[in-house]
Amino acid sequence: MQCFNRPAVHSSLSQIKLCPLSLFCAYSFCTVCPEHCRSWEVPAMLPCQALLPAVVLALTALQALASDTFIAAVYEHAVILPDPTEEPISPDDALALMNKNMDVLERAIKEAAQKGAHIIVTPEDGIYGWRFTRESIYPYLEDIPDPVVNWIPCTDPSRFGPAPVQERLSCMARNNSIYVVANIGDKKPCNSSDPKCPSDGRYHYNTDVVFDPQGKLVARYHKYNLFRRETQFNYPKEPEAVTFETPFGKFGIFTCFDILFYEPAVVLVSKLQVDTVLFPTAWMNVLPFLTAVEFHSAWAMGMRVNLLSANTHNTIMAMTGSGLFTPEGPAAYHYDSATEEGRLLLAELSTHPRLSPTYPPAINWSLHATSIKKFPGENDTFLGAVRKDMFTFGELRNKAGNYTVCQGDLCCHLVYQMSDKRKDEVYVLGAFDGLHGSLIKYHWQICTLLKCPSTNLSTCGQPVETAQTKFEMFSLSGTFGTSYVFPEVLYSGVQLAPGEFEVLRDGRLKSKHATSKPLVTATLFGRLYEKDLPHPLRTSL
């Protein structure tokens, strides 16, 4: 075994010196490097129990510092939901429900730590669910302080008033020497001096918290882009770009619907240069482009960053799909719409992806598409709805060919060859350039190779999970007006295609070889953030 000189005399953990140690435990005491005892300013005989946690934590930190990789975990949680009610329940009953969920999360955290994970992400709404009005959620909320207060709830639980949930999460992190990421509710009092103060005198925020391996609160993030049904929460007045440093990289954090917008998601990656994004989510899968594993993997690839995505699991709400995603593709992912079971995922990731030899180059997403003439087919098109978005589609009538379909400023080019042209399956090339959303309107540019649910062209764009057609090759590109494009490939059964496609520097999404499974869609999903309309709910604040 080894021991450390006193950490306080060094500027960083990487400078801590190791010394040989004759360490033994007899009568609960140990001898710790007697020749260095003065640097510790403690007697040579110290209780083992007091020293060992610090030694383990320091060893863990040193190991992470010395490595180009770290082990990350996410847990997809089948949340135990409260009974629906519009009236608040008692704080004791609320805590009892939250403790049931935290019992499950604690088992997952312990397992992850035992398997060597340095950090674990748990889902949005993972501690109390989502069946709430503004009044009924109040007993579940706690006052979460700014992390600058340097607080370890596990050892000082009452410093900021009752905080049993924060205390327990802190102890989970501390007792397992692991970073713990969780989603809970924050309450903040306000009064008439604040003209935007709600009539009940308090703000409610959908909030992510991060506790370090000592149990200290190191990050707090208030969700900025609330989903339309989250009326129990308030919008923060300003977007928060929350980052924190670890021995294994710079981390940022945001929640669920945030991933579709510029703030804070793009700001964290493009401006603040985080290595890894933590992403608690309660994501409802929407085919063909917005299933959780499909879009989150594509976002990580398009933004060239690690994304640790932890989803809730509820098949009735179509919630499933978690993963550890990298710039090169998924390191591990899970999709299960058949059972009601949670799932722990672990993977080894690069601490600083930008320094990795496999880090993908920057892409000029319109270079190839703007350099070629239109292929045949742009005059033989029809309109089809993907949910409420009207796409321009062109049917792929032949086993192989070149096609172009345009809408607005976007032209989508496809070169393809099917393994076999089946009579019972229809594929189309589609383009969409416009605003998406009924209330919150944001601008998409999408090029997609898409399977239709039936041979009836009027069904094209409707959800489909299975296919039978494999492709010998495909190459998809578009005249995108944005540098934010996310490449998706989805196989039959809602399965990803790691390692089976690539994005060339000129913007082509291209298969590396014949698809190993039947193809549901190959899509380039672009976001023109600058064309989004003002947020109708936030602008009224």
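A few remarks follow.
- For region 401-454, the share of accessible area belonging to carbon and sulfur comes to 47 percent (1.4 Å probe, ligands and nucleic acids excluded).
- Relative to its residue count, region 207-281 spans a Cα convex hull of 92 Å³ per residue.
- Overall dimensions of region 239-278, expressed as equivalent-ellipsoid semi-axes from the Cα gyration tensor (√(5λ), whole Å, largest first), are 17, 10, 8.
- Distance (nanometres) between label positions extended 7 Å along Cα→Cβ at residue 529 and residue 385: 3.1 nm
- Rounded percent of accessible protein surface that carbon and sulfur make up, region 72-194, 1.4 Å probe: 48 percent
- Since only 226, 197, 151 are under comparison, the one whose Cα sits farthest along the positive direction of the charge dipole of the chain, derived from C-beta charges on Lys, Arg, Asp and Glu, is 226.
- Shape metrics for the chain, restricted to C-alpha atoms - Rg then Dmax, Å: 25.7, 87
- Unit charges on C-beta of K, R, D, E only; dipole of the chain, Debye: 1080 debye
- Qualifying chymotrypsin sites (Phe, Trp or Tyr not before Pro) for region 87-184 [loop in DSSP, other Cβ within 10 Å: at most 16]: 160
- Contour minus Cα-Cα distance for residue 438 and residue 459 (0.36 nm per residue): 5.4 nm
- Volume of the Cα convex hull of region 95-146, divided per residue and given in Å³: 101 Å³
- Mean separation of Cα contacts under 8 Å, 6 or more apart, over the residue count of region 430-531: relative contact order %: 35 percent
- Pairwise FRET efficiency - residue 188 versus residue 398, Cβ, R0 = 41 Å, nearest 0.05: 0.10
- Were the residues from residue 273 through residue 89 laid out at 0.36 nm apart, the gain over their Cα-Cα distance would be 61.9 nm.
- Normalised size of region 186-237, defined as Cα radius of gyration per 2.2 N^0.38 Å with N residues, equals 1.34.
- Region 327-445: radius of gyration over Cα atoms, expressed as a fraction of 2.2 N^0.38 Å: 1.43
- By the Stokes-Einstein formula, at 0.692 mPa s and 37 °C, region 248-362 with its Kirkwood radius over alpha-carbon pairs has D equal to 231 µm²/s.
- Alpha-carbon spread of region 411-541, three principal axes, descending order, Å: 55, 35, 25
- Violating pairs (Cα-Cα greater than 22 angstrom) within the set 421/512; 250/441; 196/531; 399/451: 250/441; 196/531
- Along principal axes, Cα extents of region 122-270, largest first, whole Å: 41, 39, 31
- Taking every alpha-carbon pair under 8 Å whose residues sit at least 6 apart, region 150-263 reaches a relative contact order of 21 percent.
- Here r is the Cβ-Cβ distance between residue 134 and residue 348 and R0 is 56 Å; the resulting FRET efficiency, rounded to 0.05, is 0.85.
- Proximal aspartates and glutamates to residue 188, defined as alpha-carbon separation beneath 12 angstrom and excluding residues fewer than eight positions away on the same chain: 142, 143, 146, 200
- For region 425-513, a simple Cβ point-charge model (Lys and Arg +1, Asp and Glu -1, everything else neutral) yields a dipole of about 120 debye relative to the Cα centre.
- Computed over the alpha carbons of region 488-541, Rg followed by Dmax gives 17.0, 52 Å.
- Extension gain, residue 538 back to residue 516 (0.36 nm per residue minus Cα-Cα distance, nm): 3.4 nm
- The dipole here belongs to region 354-496: it is taken about the Cα centre, uses +1 on the Cβ of Lys and Arg and -1 on the Cβ of Asp and Glu, and is about 80 debye.
- Looking at the chain, the accessible area is 42 square angstrom per residue; that uses a 1.4 Å probe and ignores ligands, DNA and RNA.
- Dmax and Rg, reported as Rg then Dmax, of region 449-517 (C-alpha, Å): 13.3, 37
The values are calculated or read from the model by the stated rules, or taken from the named source; none is laboratory data. Owing to the predicted nature of the structure, the values given are computational and were not obtained by experimental measurement. Cβ sites come from the backbone with ideal geometry, for glycine too, and all protein chains shown count toward neighbours. Quick note on the areas: whole protein, heavy atoms, side chains included, nothing else; ligands and nucleic acids left out. Shrake-Rupley method; radii C 1.70, N 1.55, O 1.52, S 1.80 Å.
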